[in-house]
Amino acid sequence: MLRAFFSIIYFLIFLFLIDLVFRNTLSVYTDILAVVCWIIALIISVGLANFTVKKIKENYKK
């Protein structure tokens, strides 16, 4: 449950940043690149969520 929460939070942060970069573009290629960036952001956000939960559990055990 905690991993899903952090994944969503990280993904929303990445979506905000991607939107800033691709906000005023009117090309098909940049739209495709934005979708590719969304997929990469999803993968990275899941990885960051796993890392964050792992670090939280390590610090909680101490």
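Full extension of the chain segment joining Arg23 with Ile40 gains 4.3 nm, where the gain is 0.36 nm per residue of separation less the Cα-Cα distance. Charge dipole (Cα centre; +1 on Lys/Arg Cβ, -1 on Asp/Glu Cβ; no other charges) of region 2-61 amounts to roughly 420 debye. In the chain, taking the dipole from charged Cβ atoms about the Cα centre, the farthest positive-side position among Thr30, Ile9, Thr52 is held by Thr52. Near Thr25: Cβ cut-off under 13 Å, other residues only, Lys/Arg at +1 and Asp/Glu at -1. The net charge is -1.
Relative to the longest principal Cα axis of the chain, at what angle does helix 2-21 sit, 0 to 90 degrees, rounded to 10? Taking the Cα atoms of the chain, the angle to 2-21 is about 30 degrees.
The calculated Kirkwood hydrodynamic radius for the chain is 12.8 Å, given to one decimal from all distinct C-alpha pairs. Normalised by the number of residues in the chain, what is the relative contact order in percent for Cα pairs under 8 Å and 6+ residues apart? Reported relative contact order: 53 percent. Our estimate of slack between Asn50 and Phe5, defined as 0.36 nm per intervening residue step minus the Cα-Cα distance, is 15.1 nm.
For the chain, the 222 nm mean residue ellipticity estimated from helices alone, with every DSSP H stretch of n ≥ 4 adding -39500 (n - 2.57) and the total spread over all residues, rounds to -31000 deg cm²/dmol. Relative to the dominant Cα principal axis of the chain, helix 28-61 is inclined by about 10°.
Values in this text are rule-based calculations from the coordinates and carry no lab data. Worth saying up front: this structure is predicted, and the values here are computed from it rather than measured. Heads up, the Cβs are rebuilt from the backbone with ideal geometry, glycines too, and the neighbour counts pull from every protein chain shown.
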